[in-house]
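Everything below concerns the one structure shown next.
Rule-based calculations on the coordinates, nothing more; no lab input. Computed from a prediction, not measured in an experiment: that's the story for all the values here. Every residue, glycine among them, receives a Cβ derived from its backbone with ideal geometry; neighbour counts consider all protein chains shown.
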Amino acid sequence: MKFKLFTLFTFLTLSSFAQTDKKLIAQLQNAISSFHGQAGIYVQNLKTGKTVAINADTLFPTASMIKVSIQCGLMDKIEKGELKYNQKLVYRDSLLYAGEDILGSFKDKDTVQLSKVAMLMITMSDNTASLWLQKLVGGDYINSWLQQNGFKVMRVNSRVAGREAIRKVYGWGVSTPYEMCRLFTMIRQGEAVSPAASERMYRNMGRIYWDEKALSQIPPYVHTISKQGAVDESRSETVLVNAPHGDYVFSIITNHNTDQSWGTTNEAGLLIKKVSALLWHYYEPGSDWKPADGVDKYMLNE
């Protein structure tokens, strides 16, 4: 407990006095200036501590990014011995969340390991898997873990008693770009639940299927962890990059988007790619890497 309090105090202290990267904030403000919607960005160079904050403490819908907090609640239950990572679960048709999820193709009474359900939640962003794990852990339990670990606003809203009103505004989950980055940083530093649990989560989050936006602008040989979120009027992505010259983390969340299309030319999707590319070349100015010619036809992850 003392360790957690110390690391939380250290993070908050460093964040409070972190130096704003004025050159980078100007570039990012220019990048989002013509966006038709609301955009929030938080960036931190974990080596230098320098930050950029644009609407970084504004509340935004998380959509599927909230699944990272579900993962933390799950790992906390496992850490306490209340669940086992490799235990068998029994699927029921009542768990189905209508859509094209892999787990939704299971038949009633099929069995599957909890580890595979967790993998599907993070890697594929499988909604049936995510709601199953949220039910198993408990939405109140997840929110309690977030509160105990210093998260002021990040919460699960869907299927949590007392959060119906805020769910109508923000959907499944709510957060800020800053708090999304803080959670990723805790996992990177081995401070989310435990060093062992953080390590397992880091591996899961480094195997993302949905790599056609922010991740497509980072060389494939550079390790990243990420989570994406998307509903009609909000698109988002949080990424931590193990860059050669030092780790950096960023979250870009959009809301009230005019363009609510789902194709490759969606304005928010293009903005996420633009911001990711800008950050990669800003922090790695000597890199001459760029996406290969013709790669777009291989990035149609639908």
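The length gained on full extension between residue 36 and residue 147, counted as 0.36 nm times the residue separation minus their Cα-Cα distance, comes to 36.6 nm.
One decimal place: the segment residue 166-residue 262 gains 32.0 nm when fully extended, by the rule 0.36 nm per residue minus the C-alpha distance. Quick check: the angle from helix 127-137's long axis to the longest principal axis of the chain, C-alpha only, nearest 10 degrees? Taking the Cα atoms of the chain, the angle to 127-137 is about 60 degrees. For the chain, the longest principal axis of the C-alpha atoms and the axis of helix 22-32 are separated by about 70°.
Sorting 132, 262, 210 from the fewest to the most surrounding beta carbons within 10 angstrom yields 262, 210, 132. In summary, the range 157-204 shows an alpha-carbon radius of gyration equal to 1.44 times the 2.2 N^0.38 Å reference for compact globular proteins. Its Cα gyration tensor gives the chain an equivalent ellipsoid, and the semi-axes of that ellipsoid, as √(5λ) in whole Å with the largest first, are 29, 23, 19. Restricting the calculation to Cα atoms, the range 234-292 yields a radius of gyration followed by a Dmax of 13.1, 37 Å. Take the Kirkwood radius over Cα pairs of the range 209-262, plug it into Stokes-Einstein at 10 °C and 1.306 mPa s, and you get 131 µm²/s for translational diffusion. Computed on the range 116-224, the Cα convex hull volume stands at 124 Å³ per residue. Label separation (residue 232 vs residue 107): 3.7 nm, computed from points 7 Å beyond Cα along the C-beta direction. The C-alpha atoms of the chain define a longest principal axis, and helix 67-79 lies at about 50 degrees to it. Between residue 140 and residue 119, full extension at 0.36 nm per residue minus the direct alpha carbon distance yields a gain of 5.3 nm. Taking only alpha carbon atoms, the range 20-171 gives an Rg to Rh ratio of 1.05, where Rh is the Kirkwood radius. Relative to one another, the C-alpha centroids of the range 74-134 and the range 258-302 are positioned 31 Å apart.
Computed over the Cα atoms of the range 115-168, the ratio of the radius of gyration to the Kirkwood radius (Rg/Rh) comes to 1.00.
Annotation: Cα Rg of the range 173-262 relative to the compact-globule expectation 2.2 N^0.38 Å equals 1.12.
Each of residue 48 and residue 288 was given a label point 7 Å from its Cα along the Cα-to-Cβ line. The distance between the two points is 2.4 nm. Quotient of the Cα radius of gyration of the range 80-166 and 2.2 N^0.38 Å, N being its number of residues: 1.16.
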